[in-house]
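Scroll down for the structure; my scribbles are underneath it.
The values are calculated or read from the model by the stated rules, or taken from the named source; none is laboratory data. In this text the structure is predicted, and so the values were computed from the model without any measurement. When we count neighbours, we look across all protein chains shown, and the Cβ atoms used for this are built from the backbone with ideal geometry, even at glycine.
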Amino acid sequence: MDGKVTIRLNGKEREVAADITVSDLLDELGLVPGMVVVERNREILARDSYAAVRLSEGDQLELVHFVGGG
Amino acid sequence: MSTHASADTPFVVGGREFSSRLIVGTGKYSDNETMVRAIRASGTDMVTVAVRRVDLDRTREEGILHHLDPEEFFLLANTAGCHTADDAIRYARLARAAGFNDWLKLEVIGDEATLLPDTQATLEAARVLVGEGFKVMAYTNEDLITALRLEDAGCVAVMPLASPIGSGLGLLNPYYVRAIKDRCDVPIVVDAGVGTASDACLTMEQGVDGVLMNTAIAAARDPVRMAAAMREAVVAGRRAYLAGRMPTREVAVPSSPPLPE
């Protein structure tokens, strides 16, 4: 074990530190938590849970936000 | 606006009053600065936004909230691009989780070539989302029966199209849009197909409560100027509707008194 797990992030595989929290991942990606919505394995995570939720091998994560649209 | 116009009823949707009958989209602008200037020029207080994956490969920040202040404009999230009721429901929940409001422009596309709505899937999604407490403004065809069913489902507004999304073909079916307005109690907002100011004016002259547009402004050569034109066109169309147009005649009638014999 090298302390890494593979997750699927917005449709692409990505290696992250084992047990990384959602907060830490957003930080690593340079994203402001208040500007994104996180879906983990098709379930929306409450913002106040980002610091507590740890990612595991095979987790599917979707990060979405508001963009221009009609 | 002029103080001489007699009072209109306020534009109220889902218990919330809006100062403008024009709702505008935020897509397809060449740059964000032009978008913000155009939106301000339109006089709107409600803008639509879409929910999409964060592009993690891009260094440039593309999130709309970096450019638009949600304190200045009421954000109406859409489900654009969804092709099934399940997708629309999923995107609606994601939009609500963004934390601004529980309003939604529900849109379920039924055909890729025309982008015409899948009215059955729209109805199905509307019933679920209304049950979950969403205030649903439903994009639909200019079909009276679907409009009535969307109203029955608890939508706060029904939004028939003028013509296909992004087509700029204008109001193709004024009669059906009037029929929807006559028979529904919820606000009717014509959404999609307006191409230029006269289209917006003609649409409002049918007596509908509002107009929603995006491409007509964003794809104009000068979007800021077109936004200002749309603002005036919507006001003019509304006033003309309230004023009640003269009857049309197949013969000419002189406006000036006849000359003496």
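Would you check if there is a residue in the range B:228-236 being within 25 Å of B:PRO164 (Cβ to Cβ) and touching a Phe, Trp or Tyr at 6+ places or on another chain (Cβ under 9 Å)? Checking the range B:228-236: not a single residue is within 25 Å of B:PRO164 (Cβ to Cβ) and touching a Phe, Trp or Tyr at 6+ places or on another chain (Cβ under 9 Å). Does B:THR119 meet the test of being touching a helix residue (DSSP H, G or I) at 6+ places or on another chain (Cβ under 6 Å), of a type outside the set (A, V, I, L, M) and crowded, with 23+ Cβ neighbours inside 10 Å? Taking the combined requirement at face value, the residue does not satisfy it.
This table checks each residue for (1) part of a loop (DSSP other than H, G, I, E, B); (2) within 12 Å of chain A (Cβ to nearest Cβ).
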site	(1), (2)
B:TYR29	yes, yes
B:THR44	yes, no
B:GLU62	yes, yes
B:GLU72	yes, no
B:ALA92	no, yes
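If you filter the range B:197-218 down to residues that are part of a loop (DSSP other than H, G, I, E, B) and more than 14 Å from chain A (Cβ to nearest Cβ), you find that the one that is nearest to B:LEU75 (Cα to Cα) is B:ASP209.
Per-residue answers, yes or no, for (1) within 12 Å of another protein chain (Cβ to nearest Cβ); (2) at pLDDT 95 or above; (3) in contact with a helix residue (DSSP H, G or I) (Cβ under 7 Å, 6 or more places away or on another chain); (4) part of a helix (DSSP H, G or I):
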{"site": "B:ASP69", "(1), (2), (3), (4)": "no, no, no, no"}
{"site": "B:LEU76", "(1), (2), (3), (4)": "yes, yes, no, no"}
{"site": "B:HIS83", "(1), (2), (3), (4)": "no, yes, no, no"}
{"site": "B:ALA95", "(1), (2), (3), (4)": "yes, yes, no, yes"}
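Counting residues in the range A:29-42 that are among the acidic types (Asp, Glu), outside any loop (DSSP other than H, G, I, E, B) and in contact with a strand residue (DSSP E or B) (Cβ under 6 Å, 6 or more places away or on another chain) gives one or more. Exactly one residue out of B:ILE145, B:ILE180 is of a type in the set (Val, Ile, Thr), free of Cβ contacts under 8 Å to residues at least 24 places away in the same chain, assigned to a helix (DSSP H, G or I) and more than 21 Å from B:GLY81 (Cα to Cα): that is B:ILE145.
In the set (1) out of contact with any Asp or Glu (no Cβ under 7 Å at 6 or more places or on another chain); (2) crowded, with 18+ Cβ neighbours inside 10 Å; (3) under 29 Å from A:VAL32 (Cα atoms); (4) of a type in the set (Gly, Ala, Ser), B:GLY99 fails one condition alone, (2). Applying the set (1) away from chain B (no Cβ under 12 Å); (2) over 18 Å from B:ASP55 (Cα atoms); (3) over 10 Å from the mean Cα position of the chain (by Cα) to A:GLU15 leaves exactly one unmet item: (2).
For the range B:97-106, a residue qualifies if it is outside any helix (DSSP H, G or I) and either in contact with a strand residue (DSSP E or B) (Cβ under 8 Å, 6 or more places away or on another chain) or in contact (Cβ under 8 Å) with a residue 12 or more places away in the chain (or both), and the qualifying residues are B:ALA98, B:PHE100, B:ASN101, B:ASP102, B:TRP103, B:LEU104, B:LYS105, B:LEU106. In the set (1) more than 21 Å from the chain's Cα centre (by Cα); (2) charged (D, E, K, R); (3) at pLDDT 95 or above, B:ASP45 fails one condition alone, (1). For beta carbons closer than 9 Å, sequence separation of 6+ or different chains, a first residue in the range A:24-38 that is within 9 Å of chain B (Cβ to nearest Cβ) and a second that is of a type in the set (Ser, Thr, Tyr) and surrounded by 18 or more Cβ atoms within 10 Å (Cβ to Cβ), the qualifying pairs are A:VAL38/A:TYR50.
A single entry from B:ALA38, B:ALA7 fulfils the requirement of being in a loop (DSSP other than H, G, I, E, B) and out of contact with any Gly (no Cβ under 8 Å at 6 or more places or on another chain): B:ALA7. Screening B:ALA153 with (1) touching a helix residue (DSSP H, G or I) at 6+ places or on another chain (Cβ under 6 Å); (2) more than 20 Å from B:LEU76 (Cα to Cα); (3) of a type in the set (Gly, Ala, Ser) gives one miss only, at (2). I'd like the residue in the range A:43-70 that is in a loop (DSSP other than H, G, I, E, B) and within 11 Å of chain B (Cβ to nearest Cβ) and, out of all such residues, is surrounded by the most Cβ atoms within 10 Å (Cβ to Cβ). The qualifying residue surrounded by the most Cβ atoms within 10 Å (Cβ to Cβ) is A:GLY70.
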